[in-house]
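These notes concern the structure reproduced below.
The values are calculated or read from the model by the stated rules, or taken from the named source; none is laboratory data. Remember, predicted model here, so these are calculated numbers, not experimental data. Quick reminder, even Gly has a Cβ in these numbers, built from the backbone with ideal geometry, and neighbours come from all protein chains shown. When the accessible area is computed, the model is the full protein with side chains, heavy atoms only, and any ligands, DNA or RNA have been set aside. Shrake-Rupley method; radii C 1.70, N 1.55, O 1.52, S 1.80 Å.
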Amino acid sequence: QVQLVASGGGLVQPGGSLRLSCTASGNIFYINDMGWYRQAPGKQRELVATITSGGSTNYADSVKGRFTISRDNAKNTVSLQMNSLKPEDTAVYYCNADLWTYENGVGYAGGDYWGQGTQVTVSS
């Protein structure tokens with residue numbers, strides 16, 4: 001069974017910083033892409049940033065220059081460093097992993113997995 005656990009959310013003033021982390025565990029064979037998404041009240045879930053297994057990154061225009069995504073392949077962890085936070089960054093942040101799992105000890109299966117979400121609130 002695969003589980004993604006996210007942490008690091010909290011309350012911060014505008015202009016402040018937070019660092020989110022997410023660790024995948026379970027019967028994981030290989031992790032392809034990982035990423036962060038967010039959902040504000042009354043809004044659809046949107047992409048924040050992604051990172052490939054090789055380290056290539058992609059960011060939403062709204063966070064470019066302020067957020068940095070990184071990963072530690074040895075620990076199956078993806079992080080999001082958030083600087084210069086704005087009130088409009090307030091949302092529940094979800095981590096995501098596209099990965100392959102062991103099946104019955106002999107085969108493999110691909111799938112898309114999500115963490116439980118962590119609340120980020122930017123307010124003065």
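Among the residues making up the range 109-119, those that are of a type outside the set (S, T, N, Q), within 18 Å of THR23 (Cα to Cα) and open to solvent by less than 40 Å² (accessible area, probe 1.4 Å) are GLY111, GLY115, GLY117. Residue pairs, Cβ under 7 Å, 6 or more apart or interchain, first in the range 108-123 and in contact (Cβ under 8 Å) with a residue 40 or more places away in the chain, second part of a loop (DSSP other than H, G, I, E, B) and of a type in the set (S, T, N, Q). List them. Cβ pairs passing all conditions: VAL120/THR90; THR121/THR90; VAL122/THR90.
Of the residues making up the range 84-102, those that are closer than 21 Å to ASN73 by Cα and more than 18 Å from the chain's Cα centre (by Cα) are THR101, TYR102.
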